[in-house]
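Working notes, beginning with the structure itself.
The values are calculated or read from the model by the stated rules, or taken from the named source; none is laboratory data. Everything numeric in this text was worked out from a predicted model, so none of it was measured. Cβ placement follows ideal geometry from the backbone for every residue including glycine, while neighbour counts extend to all protein chains displayed.
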Amino acid sequence: MIPDGLAEIIQSNGNIAAIRKDRVNMRAWYYQLEDRTVAYAELNGEHGQRVVGDKGRVYFIISGEGEFTVNNTPLAVHQGSVIPIPARATYNFHSMGPAELTFVVFLDEKLNLDAIPSK
């Protein structure tokens, strides 16, 4: 396991870079495309509150159960749930139960991976 907050470049191939970042409660693999980011992650606990910029994002739950709160509105999620997060929204989410919440998130922007907070 990579130490908390440390990134490992898994591969870099021209327009696509795959980077793994581990935190205490989450493992994530980020794929940087030319103009957007796609991430796969496994979360056990709370993600942490975020405020979305000018472009939205969409989460797809692969497995596990959890709860998203988007602009103060709670939403129970489970395998197969699709959660659109609009631009400029405030959101947070966490896993529920013993299993990790596994998801893919599609972002309509290229993230600065160095700016992703570590806990």
Practice problem: Would you point out the residue of the stretch 94-115, among those that are at pLDDT 95 or above, within 12 Å of the chain's Cα centre (by Cα) and over 14 Å from residue 57 (Cα atoms), that is surrounded by the most Cβ atoms within 10 Å (Cβ to Cβ)? | Solution: 101
Quiz item: Is there any pair linking a residue in the stretch 58-72 that is farther than 18 Å from residue 89 by Cβ and at pLDDT 95 or above to one that is assigned to a strand (DSSP E or B) and among the hydroxyl-bearing types (Ser, Thr, Tyr), with Cβ under 7 Å and at least six apart or on different chains, and which?
Solution: 62/102; 63/102; 64/95; 64/102
Quiz item: Tally time: how many residues in the stretch 64-84 are surrounded by 13 or more Cβ atoms within 10 Å (Cβ to Cβ) and either in contact with a helix residue (DSSP H, G or I) (Cβ under 7 Å, 6 or more places away or on another chain) or under 15 Å from residue 39 (Cα atoms) (or both)?
Solution: 1
Quiz item: residue 36 fails exactly one of the following numbered conditions: (1) in contact with an Asp or Glu (Cβ under 7 Å, 6 or more places away or on another chain); (2) modelled with pLDDT of 95 or more. What is the number of that condition?
Solution: (2)
